[in-house]
Amino acid sequence: MQQAQKQQHNPLSNNQKHVRLAKADLHQGDCLAVIPHLDGFFDAVVTDPPYSSGGQSKGNRAASTGAKYLNTGSVQWPDFAGDSKDQRSYLHWSALWMGLCYEKLNPGGLIVVFSDWRQLPVTTDAIQASGFTWRGVGVWDKAGSARPYKGGFKAQTEFFVWGSKGPLVGDSYSPGLFRVQQKPGEKRHQVGKPLDLMEPLVAACGNRILDPFMGSGTTGVAAIGQGKEFSGIEVCDHYFQVAVDRIRER
Ligand SMILES: C[S@@+](CC[C@H](N)C(=O)[O-])C[C@H]1O[C@@H](n2cnc3c(N)ncnc32)[C@H](O)[C@@H]1O
């Protein structure tokens with residue numbers, strides 16, 4: 001019996017740590033469990049969820065994140081969680097977490113969610129299903145740091161789907177395309193985003209930012225660097241600690 005319970009242990013059900021810094025509130029746990037308990041309301045959600053992508057078949061999707069997203073021979077970061085859902089469950093799950101975020105946003109608050117080409121249609125569906133007004137799709141042009149594609153076109157872009165909780169309230173004008181190359185040695189996560197990409201996105205948002213999938217904390221580093229307040233959630237112990245260290249050092 002004990003053996004069976006051990007095997008059924010779900011790492012996403014843990015909410016083990018909470019670190020509060022001067023302008024940052026960092027939680028280790030499943031964002032579905034944590035978001036409803038966050039204090040107050042946010043001006044924006046800026047996040048990069050696991051894409052559950054990297055393969056066309058069930059077997060490919062269920063592979064480790066390292067096998068899916070790392071080139072052989074590159075630095076080995078630990079695998080990350082929540083990346084093996086099929087399309088239907090990805091849509092359902094995305095609408096769940098986005099709906100929780102909606103409840104925690106101020107009127108007019110922005111949501112900015114990264115996606116790749118495979119998950120783009122599902123992500124735009126989920127953003128609307130969860131109550132947001134879908135307003136557009138921005139582009140991250142990875143320039144030279146993109147993977148080549150023999151016989152086809154280089155996988156040079158990722159996307160951010162964005163929307164708002166009702167009418168927009170901000171007064172900034174931001175570009176919709178960012179050409180940012182990953183700097184060698186910069187990444188602290190298997191699929192970490194460049195700081196130079198996250199900084200202008202965070203700058204376009206209000207003062208209080210939430211990232212429910214913070215990974216190595218790049219959104220938080222950008223927010224704290226701009227004097228904003230940041231709340232972040234990460235389920236994996238390793239990446240939670242990386243995020244805490246990076247944000248603390250900022
Ligand atoms: C794509 S990564 C984010 C990387 C981040 N943008 C960075 O620059 O480091 C998504 C992260 O979400 C975490 N995650 C997956 N499911 C989660 C959940 N239910 N709640 C909180 N974090 C989760 C994964 O462990 C992973 O580290």
Roughly speaking, what is the stretch gain from Asn207 to Glu103, that is 0.36 nm per residue apart minus the C-alpha to C-alpha distance, in nm to one decimal? 35.7 nm
Report the extension gain between Lys150 and Glu249 in nm, rounded to one decimal, defined as 0.36 nm multiplied by the number of residues separating them, less their alpha carbon distance. 31.5 nm
With an 8 Å Cα cut-off and a minimum separation of 6 or more residues, compute the relative contact order for region 15-249 in percent. 26
Could you order peptides 238-246, 30-38, 131-139 by the average number of other Cβ atoms within 10 Å of their residues, highest first? 238-246, 30-38, 131-139
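Work out, step by step, the length gained on full extension between His37 and Ser172: first 0.36 nm times the residue separation, then minus their alpha carbon distance; give nm to one decimal. Provide the component values of the computation, followed by the final result.
Numbers: separation 135, 0.36 × 135 = 48.60 nm, distance 3.04 nm.
Stretched fully, the His37-Ser172 segment lengthens by 45.6 nm.
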FRET efficiency, His238 to Thr157 (Cβ-Cβ, R0 35 Å, nearest 0.05): 0.80
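Report in % the part of the accessible area of region 15-249 that belongs to carbon and sulfur, leaving out ligands and nucleic acids; probe 1.4 Å. Walk me through the numbers on the way to the answer.
Details: 5880 of 10870 Å².
Whole-percent figure for carbon plus sulfur exposure: 54.
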Compute the distance from the alpha-carbon center of region 208-250 to that of region 134-162, in whole Å. 24
Using helices alone, what [θ] at 222 nm do you get for the chain, with -39,500 (n - 2.57) per DSSP H run of 4 or more residues, divided over all residues and rounded to the nearest 500? -8500 deg cm²/dmol
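Can you give the direction-averaged projected area of the convex hull of the alpha-carbon atoms in region 15-249, in nm²? Present the calculation step by step, with values, prior to reporting the outcome.
Working: hull surface 48.6 nm².
About 12.1 nm², averaged over all directions.
The values are calculated or read from the model by the stated rules, or taken from the named source; none is laboratory data. Please read all numbers here as calculations on a predicted model, not as lab measurements. A quick note on method: Cβ atoms are made from the backbone with ideal geometry, for glycine too, and the neighbour counts reach across all protein chains shown. Remember, those area values only see protein heavy atoms, side chains included, never the ligands or the DNA or RNA. Shrake-Rupley method; radii C 1.70, N 1.55, O 1.52, S 1.80 Å.
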